[in-house]
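Right, one structure below, let's go through it.
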Amino acid sequence: MASLAKSSGLVNRLLAQARPQLEVFLKYAKVELTPPTPADIPAIRQGLGNIIKSAKSGGYKNLSVKEAWLNTLVTAEVICWFYIGECIGKRNIVGYNV
């Protein structure tokens, strides 16, 4: 019975310590993990237009090494998430089960 009381006290302390971090996570999750609304579509179009205009005009040549490295890492992350989604969709790492 004493071990049950100890474990419940431990659980209560862990919950008390995790609560502020969980609240911060939920605050950012509500903002960052929501799908785009129809009001966001013009900003998305403008951003894509800026990317295309920058690619045509050679604006990528004026990036600093830090910005270029950051863009490379973001691109690699997107590609990795795409391939992970493909593997989950196939339910297999290599090929499809025929």
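Calculate the dipole size of the chain relative to its Cα centre from +1 charges on Lys and Arg beta carbons and -1 charges on Asp and Glu beta carbons; express the result in debye to the nearest 20.
Details: 12 positive and 6 negative charges, 17 e Å.
Its charge dipole is roughly 80 debye.
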From largest accessible area down, sort ARG13, ARG45; use a 1.4 Å probe on the protein chains.
ARG45, ARG13
Tell me which lysines have Cα within less than 22 Å of LYS53's Cα, excluding those fewer than 8 residues away on the same chain?
LYS61, LYS66
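With n ≥ 4 as the cut-off for DSSP H runs, can you work out [θ] at 222 nm for the chain, using -39500 (n - 2.57) per run divided by the number of residues, rounded to the nearest 500? Before the final figure, lay out each step's value.
Numbers: 3 runs with 74 residues, N = 98.
Mean residue ellipticity at 222 nm (helix-derived): -26500 deg cm²/dmol.
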Set Lys and Arg Cβ to +1 and Asp and Glu Cβ to -1, take the dipole of the stretch 24-88 about its Cα centre, and tell me which of THR34, GLY59, VAL78 lies farthest positive.
GLY59
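Where a ≥ b ≥ c are the square roots of the eigenvalues of the C-alpha gyration tensor, would you call the stretch 22-98 rounded, which needs a/c under 1.5, or, failing that, prolate if a/b is larger than b/c, or oblate? All intermediate terms of the calculation are to be shown ahead of the outcome.
Numbers: a/c = 1.78, a/b = 1.24, b/c = 1.43.
Oblate is the answer for the stretch 22-98, as a/c is 1.5 or above yet b/c matches or exceeds a/b.
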For helix 2-32, what angle does its Cα long axis make with the longest principal axis of the chain, in degrees from 0 to 90 and rounded to 10?
20
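The values are calculated or read from the model by the stated rules, or taken from the named source; none is laboratory data. These numbers come from a predicted model, not from an experiment. Note that each Cβ is placed from the backbone with ideal geometry, even for glycine, and that neighbours are counted across all protein chains shown. When the accessible area is computed, the model is the full protein with side chains, heavy atoms only, and any ligands, DNA or RNA have been set aside. Shrake-Rupley method; radii C 1.70, N 1.55, O 1.52, S 1.80 Å.
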